[in-house]
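> Quick one: the structure is below, and I'll ask about it shortly.
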Ligand SMILES: [Fe+2]
């Protein structure tokens, strides 16, 4: 089975996936189960003992952990991991059962298809230091956007689930913080505008994302867009959420 949740931020919010804490169901899972984190994984951050502790702990869990990148990842370290093809798309292999689902990729997991596009805009850039705890490549490059478009064209603009960290520009949550593209150099682009273009053209069942640190259910063109933070949901449970969360 596939489980999906929002930002974990390493030790800060990872208790929600701890089988000994808030996720007792996790004890029953196996290597055939997947838990996907919609960005701000955070466990590749200091490259030292802190990361090692949490990656060792995650590797000890029975399921496979997958994550897309958010805007709180150490991208310098993340890009050093080896790239491999996994379930039809490109991943960074982090540990034996931990993978980073790269931007603009298409995966077939357990009979469901996923399009992934991590990254997002930080709203506290003024308090952070470039390449120490903030990376401009939290926003996409033209090459990454072109790759995503090529991937979607190759699949006739049809997928079951979209997984992103930030969300398309017309979503009401984007009003919460202003994405100031002036904080970034020329090679980087507005991710919300890019996701808006994709949303307008893509045929999908549901869009799942993180970044806004709340759980919620929105409708766009009759299709659900689900923001995740505290909750862990299953794909089977999406229809139930419509009544529970609206
Ligand atoms: Fe976050």
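The values are calculated or read from the model by the stated rules, or taken from the named source; none is laboratory data. Predicted model only: the values in this text are computed from it and were never measured. Neighbour counts are summed over all protein chains in view; Cβ atoms, including those assigned to glycine, are modelled from backbone coordinates with ideal geometry.
> Taking the residues in segment 161-188 that are touching a strand residue (DSSP E or B) at 6+ places or on another chain (Cβ under 7 Å), in a loop (DSSP other than H, G, I, E, B) and free of Cβ contacts under 8 Å to residues at least 60 places away in the same chain as candidates, determine which candidate is farthest from the ligand (Cβ to nearest atom).
187
> Still on this structure: Residues 75, 67: which one is within 16 Å of the ligand (Cβ to nearest atom) and either more than 12 Å from the chain's Cα centre (by Cα) or over 22 Å from residue 214 (Cα atoms) (or both)?
Working: 67 fails: either more than 12 Å from the chain's Cα centre (by Cα) or over 22 Å from residue 214 (Cα atoms) (or both).
Step by step, each of 75, 67 is checked, and only 75 is within 16 Å of the ligand (Cβ to nearest atom) and either more than 12 Å from the chain's Cα centre (by Cα) or over 22 Å from residue 214 (Cα atoms) (or both).
> Follow-up. Counting only residues that are assigned to a helix (DSSP H, G or I) and either touching a strand residue (DSSP E or B) at 6+ places or on another chain (Cβ under 7 Å) or at pLDDT below 95 (or both), which one in segment 34-58 is surrounded by the most Cβ atoms within 10 Å (Cβ to Cβ)?
Of segment 34-58, the ones assigned to a helix (DSSP H, G or I) are 49-58.
Cutting the leftovers down to either touching a strand residue (DSSP E or B) at 6+ places or on another chain (Cβ under 7 Å) or at pLDDT below 95 (or both) gives us 55, 58.
Working: 55: 17, 58: 22.
Going through the qualifying residues, I end up with 58.
> Among the candidates 45, 54, which residue alone is over 28 Å from residue 241 (Cβ atoms) and in contact (Cβ under 8 Å) with a residue 40 or more places away in the chain?
On the way: 45 fails: in contact (Cβ under 8 Å) with a residue 40 or more places away in the chain.
Selected residue: 54, the only one of 45, 54 that is over 28 Å from residue 241 (Cβ atoms) and in contact (Cβ under 8 Å) with a residue 40 or more places away in the chain.
> For segment 1-33, which residues satisfy the criterion of being within 16 Å of the ligand (Cβ to nearest atom) and in a helix (DSSP H, G or I)? Even if it seems obvious, please write down each step before you answer.
In the first step, residues of segment 1-33 are kept if they are within 16 Å of the ligand (Cβ to nearest atom); the result is 4-17.
Passing the criteria: 10, 11, 12, 14, 15, 16, 17.
> From the list 57, 45, which one is within 16 Å of the ligand (Cβ to nearest atom), in contact with a helix residue (DSSP H, G or I) (Cβ under 9 Å, 6 or more places away or on another chain) and under 22 Å from residue 18 (Cα atoms)?
Being within 16 Å of the ligand (Cβ to nearest atom), in contact with a helix residue (DSSP H, G or I) (Cβ under 9 Å, 6 or more places away or on another chain) and under 22 Å from residue 18 (Cα atoms) holds for just one of 57, 45, which is 45.
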